[in-house]
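The values are calculated or read from the model by the stated rules, or taken from the named source; none is laboratory data. This is a predicted model, so every value here is computed, not measured. Every residue, glycine among them, receives a Cβ derived from its backbone with ideal geometry; neighbour counts consider all protein chains shown. Side chains are part of the model used for accessible areas, which takes the heavy atoms of the whole protein and leaves out ligands, DNA and RNA. Shrake-Rupley method; radii C 1.70, N 1.55, O 1.52, S 1.80 Å.
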Amino acid sequence: MQKCLRCEQDMVLPTTWFHVVTCPPLPVCCSDCERQLERIVGETCLVCHRPFSRAEQHYRKGDMCYDCVRWEGDAEWKDALRMNHSVYTYNDTMKDVLATAKFRGDIALFAMFESPFQQAYTTHFPHIDLVVPIPLSNERLYERGFNQATVLAAFLPARIEELLTRTHTEKQSKKSRAERIHVENVFRYNKSNRLTGQSILLIDDIYTTGSTLRHAANILREQGAGEIFSLTLVRG
Ligand SMILES: [Zn+2]
Ligand SMILES: [Zn+2]
């Protein structure tokens, strides 16, 4: 009997004729766990995909949330990121799944996101030239054993290029928003030739403040990239 990788309860696997003939990938997580994940639906911020259903009204200005109004009002960050799309909300189940995957090194759980992530890509980003996963620093990569953004990017039927490297710093979460925005850029462009106006889609597991994605975006724009978008599994 196969067990759910998240809650470890036994899973009843389908044994219909269809499943025997088509051999779809086996589920990694039970239907109870999968049901507890929450897709983003309804009205969202035009830039960062924050669901408006959860945000208080004063957090919204027209089609944008106030965080995005602030980003777009700052000359350094205006248009850095044209649009983010995220698939799930950051509810307790998702927190648990990400923590399990990242900190227990159990990347097998990510297999359940392959199809929804691919679907989001083909629906919202048909015009993309290049997909660039947000890198981890070498130290963090060594610690964790994998980069969750690279794993997510590999699900996509796209040209993937690791154009960026990241220098090691202390955890972003320990800093305030202002510190995170004004901190020196941790990303470096690691190719010798400049970009030539390509539309680029950045991939990461989570959009929290949007600071990481915008720092990466500005480095690519300095190198001649066209418009930069992002696709993340979760909107924090
Ligand atoms: Zn389960
Ligand atoms: Zn926003």
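Tabulated data for the structure shown
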item	result
Within region 31-66, considering residues that are acidic (Asp, Glu) and touching a helix residue (DSSP H, G or I) at 6+ places or on another chain (Cβ under 8 Å), the one nearest to ligand 2 (Cβ to nearest atom)	Glu38
Selection count, region 80-92, where residues are touching a residue at least 60 places away in the same chain (Cβ under 8 Å), open to solvent by 30 Å² or more (accessible area, probe 1.4 Å) and not basic (Lys, Arg)	2
Scan of region 126-165 for residues that are among the acidic types (Asp, Glu) and modelled with pLDDT of 95 or more, ordered by number	Asp129, Glu161, Glu162
Residues located in region 182-236, provided they are open to solvent by 40 Å² or more (accessible area, probe 1.4 Å) and at positive phi	Gly197
Members of region 68-120 that are of a type in the set (Phe, Trp, Tyr), farther than 23 Å from Ser199 by Cβ and in a helix (DSSP H, G or I)	Phe103, Phe110, Phe113
Any hit, region 4-17, residues being of a type outside the set (Ser, Thr, Tyr), touching a Leu at 6+ places or on another chain (Cβ under 6 Å) and either modelled with pLDDT of 95 or more or away from ligand 2 (no atom under 15 Å from the Cβ) (or both)	yes
Meets criteria (outside any strand (DSSP E or B) and under 29 Å from Glu38 (Cα atoms)) for Thr212	yes
Options Thr169, Thr123: the member that is hydroxyl-bearing (Ser, Thr, Tyr) and at pLDDT below 95	Thr169
Whichever residue in region 142-157 is aromatic (Phe, Trp, Tyr) and more than 11 Å from Glu114 (Cβ to Cβ) and, among such residues, is nearest to the chain's Cα centre (by Cα)	Phe146
